[in-house]
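Engineer: Okay, here's the structure, questions in a sec.
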Amino acid sequence: MTSTCGTYAGYQQHHAKGEKACTSCTAANTAYHARLRQTRAADPKAADRAGHGKGSTYRNCGCRCQPCRLANSADGRARRQKERAS
Ligand SMILES: [Zn+2]
Ligand SMILES: [Zn+2]
């Protein structure tokens with residue numbers, strides 16, 4: 001346990017040190033991402049700023065427009081192909 005445990009920063013510190021995050025840090029990380037998703041859902045322009053036609057916009061901004069959906073499925077295909085190749 002460190003003084004930052006139970007925060008998202010604490011979670012990142014565990015990873016920086018190559019440790020498995022403790023329970024309170026894992027919970028903080030989950031809450032952080034849930035909050036991030038809510039913020040993005042409440043801010044449709046976030047996807048515009050990130051740019052459409054990108055898998056990351058689909059995943060991170062929750063954009064479900066046609067170019068973003070296509071890019072996300074292309075990302076999934078590329079990832080599967082890489083896994084097969086290795
Ligand atoms: Zn911790
Ligand atoms: Zn989009």
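The values are calculated or read from the model by the stated rules, or taken from the named source; none is laboratory data. Since this is a predicted model, take the numbers as computed values, not measurements. With ideal geometry, Cβ positions are generated from the backbone for all residues, glycine too; neighbour counts draw on all protein chains shown.
Engineer: Go through segment 10-86 and tell me which helices (runs of 4 or more DSSP H), entirely inside it, have 2 or more residues that are acidic (Asp, Glu).
Structural biologist: Working: elements: 23-41, 45-50, 55-61, 66-85.
Qualifying helices (runs of 4 or more DSSP H): 66-85.
Engineer: The conditions are (1) surrounded by fewer than 16 Cβ atoms within 10 Å (Cβ to Cβ); (2) at pLDDT below 95; (3) within 14 Å of the chain's Cα centre (by Cα), and ALA50 fails exactly one of them. Which is it?
Structural biologist: (1)
Engineer: All but one of (1) loosely packed, with under 13 Cβ neighbours inside 10 Å; (2) away from ligand 1 (no atom under 16 Å from the Cβ); (3) modelled with pLDDT of 95 or more hold for LYS17; which doesn't?
Structural biologist: Condition not satisfied by LYS17: (2).
Engineer: Now for a different question. Please list, ordered by first then second residue, the pairs with beta carbon atoms under 7 Å, 6 or more apart or interchain, first in segment 40-66 and closer than 24 Å to ARG77 by Cα, second near ligand 2 (Cβ under 7 Å from one of its atoms) and β-branched (Val, Ile, Thr).
Structural biologist: From residues that are closer than 24 Å to ARG77 by Cα, the pairs are ALA47/THR57; ALA50/THR57; GLY51/THR57; CYS63/THR57.
Engineer: Examine segment 70-77 for a residue that is of a type in the set (Asp, Glu) and either within 23 Å of TYR8 (Cβ to Cβ) or in the same structural domain as ALA9 (by TED's automatic domain parsing) (or both), and state whether such a residue exists.
Structural biologist: So far as segment 70-77 goes, no, none of its residues is of a type in the set (Asp, Glu) and either within 23 Å of TYR8 (Cβ to Cβ) or in the same structural domain as ALA9 (by TED's automatic domain parsing) (or both).
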